[in-house]
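Structure first, then comments.
The values are calculated or read from the model by the stated rules, or taken from the named source; none is laboratory data. Bear in mind the structure is a predicted one, so any value in this text is a computation, not a measurement. Ideal geometry is used to build each Cβ from the backbone, glycine not excepted, and the neighbour counts take in all protein chains shown.
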Amino acid sequence: MDDSHKWFLMKHDDGSIFGPMDMYHLRQWAADAYVSPLDKVSTDQQTWMKAPMIPELQMDFLLEINPDYFYGPTTVGAVREFLTSGEINEETRVTNCRNGDIRPLREFSFFAKPEGDQNQLTMPGAKEHLQNRIRELEEKLLEERRLRQIAEEMRTRAEARIIELERLLTT
């Protein structure tokens, strides 16, 4: 994929949209387990694809949580988060979707949590991105409130005019 594209991420759970961001940051979000398999991505906010369909996001692993429930495809970072939180263990079966390899988690050495990584949940640029998003939403909220106030004033004037016209018709 062309790294010059600006990407947007739509969260499945609430439909919130993040972006634009470059592929580097989107890939980092995926690696840090901030992109779920149900989230969608787009370069134009018109055509959306499920995040795992973008090879650059490296969402290549399917977890067998139990025989009836699978999670993924997801990233190495998300698998590490599940392991750290205790939602899965070293015996959890993992499918590498790139080559079809199915093994217990303990047999994939790259899922081991790196030394010195003690619950590091920060993403490069995440704080700035969220601050910008909050600012955008606050501006939209102020504009919506302004428009609502205008509409209320118009409604009040219209109701007064109706009352005046009804009074004129009854006299």
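Here are the numbers for the structure shown:
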quantity	calculated
Lone qualifier among Ile54, Ile65 - being more than 19 Å from the chain's Cα centre (by Cα) and either among the aliphatic types (A, V, I, L, M) or at pLDDT 90 or above (or both)	Ile65
The lone exception for Trp7 - which of (1) surrounded by 19 or more Cβ atoms within 10 Å (Cβ to Cβ); (2) out of contact with any Ser or Thr (no Cβ under 7 Å at 6 or more places or on another chain); (3) among the aromatic types (Phe, Trp, Tyr); (4) under 27 Å from Gln131 (Cβ atoms) it fails	(2)
So Ile88, is it in a strand (DSSP E or B), free of Cβ contacts under 8 Å to residues at least 40 places away in the same chain and farther than 17 Å from Met10 by Cα	no
Residue count for region 113-166, restricted to those that are at pLDDT below 65 and aliphatic (A, V, I, L, M)	3
Residue match in region 6-25 (condition: closer than 24 Å to Asn99 by Cβ and touching a Cys at 6+ places or on another chain (Cβ under 7 Å))	no
Gly100 vs. criteria in the same structural domain as Ile54 (by TED's automatic domain parsing), at pLDDT 80 or above, surrounded by 10 or more Cβ atoms within 10 Å (Cβ to Cβ) and not in a helix (DSSP H, G or I)	no
